[in-house]
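First the structure, in the form of structure tokens, and then the observations on it.
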Amino acid sequence: MAKILGGITTSHIPAVGNAIQQELYDDPYWKPFFDGYPKVHQWIKDNKPDVVVNIYNDHGLGFFLDQMPTFAIGAAHEYKNEDEGWGLPELDPFPGHPELSWHIIESMVSDEFDITSCQELPVDHGFVVPMQLFWPGAPHNEDMPKAIPISANTVQHPIPTLKRALDFGKALRRGIESFPEDLKVVVLGTGGLSHQLDGERAGFINKEFDQYCLNNIAHNPEELTKITRMELVEKAGAQGTEFLMWMMMRGALGDNVTEVTRNYHIPISNTGAGTLLLECA
């Protein structure tokens, strides 16, 4: 039976990808951000997951506003990274695990979640940057697991509620744990925290709200489901809706988790950047 080891959160902004390419790890602007990752790297090295479920939001590469699925799951043998126009180099494909993908899709549909299944899915910085952060040199890190991308709609309203996101994660857990092969799985919740990139509130960051989310997501995630979708936009910014992907990750971990490490830093490219590693009991 497959087993979920834990979940990890991270921001996925393209500026991070540029910083990785330029190796700005000790740059004064970037160092407080990158300092949040060594403990995560050690945990990954100690646990060596076989599969990573990467929950991200597509930014117009695989989907666009005219066709935006609420939840889409990749079921491909590999996932190609393509040029988005941010100056990021295109990377070699990331290997997938289609057998587990299809099992999850079947299980999620049985749990009455309507899933868009993708036998081809180009992946953008929302997927790629977290892979590079957690497995340096990805996709050529020798310990990099096979990947299953799950894309959530955080852009085209109406977006999912935080309760729906948490419930998705719970159903995802049932799907993973019912897979008969012995696999070690880690789940990523990417994006956020608070940020707004356009409009009258461009540059908006809400440290108090970010800390509220960080303080509750591990041991009291149900408290966060009280936040309505409009409140999420108001308190986290138009792009801070990406927090719902953290809730999807959290739902997949079960009731009892241990916080291994946490980092919060502002600003990184007008974003409240949070890193959190939760280990399943």
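So here's what we get for this one:
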| item | result |
| --- | --- |
| Of the criteria (1) touching a strand residue (DSSP E or B) at 6+ places or on another chain (Cβ under 6 Å); (2) more than 26 Å from residue 278 (Cα to Cα), which one residue 74 fails | (2) |
| Residue match in region 159-166 (condition: farther than 19 Å from residue 269 by Cα, among the small types (Gly, Ala, Ser) and surrounded by fewer than 19 Cβ atoms within 10 Å (Cβ to Cβ)) | no |
| Some residue of region 245-265 being crowded, with 17+ Cβ neighbours inside 10 Å, polar (S, T, N, Q) and at pLDDT below 95 | no |
| Lone qualifier among 181, 200, 142, 208 - being over 14 Å from the mean Cα position of the chain (by Cα) and not in a loop (DSSP other than H, G, I, E, B) | 208 |
| Flag if residue 240 is among the small types (Gly, Ala, Ser) and within 19 Å of residue 33 (Cβ to Cβ) | yes |
| Matching residues in region 211-240 - criterion: being surrounded by fewer than 16 Cβ atoms within 10 Å (Cβ to Cβ), outside any helix (DSSP H, G or I) and either modelled with pLDDT under 95 or charged (D, E, K, R) (or both) | 226 |
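The values are calculated or read from the model by the stated rules, or taken from the named source; none is laboratory data. Quantities reported herein were computed from a predicted structural model and do not represent experimental measurements. Ideal geometry is used to build each Cβ from the backbone, glycine not excepted, and the neighbour counts take in all protein chains shown.
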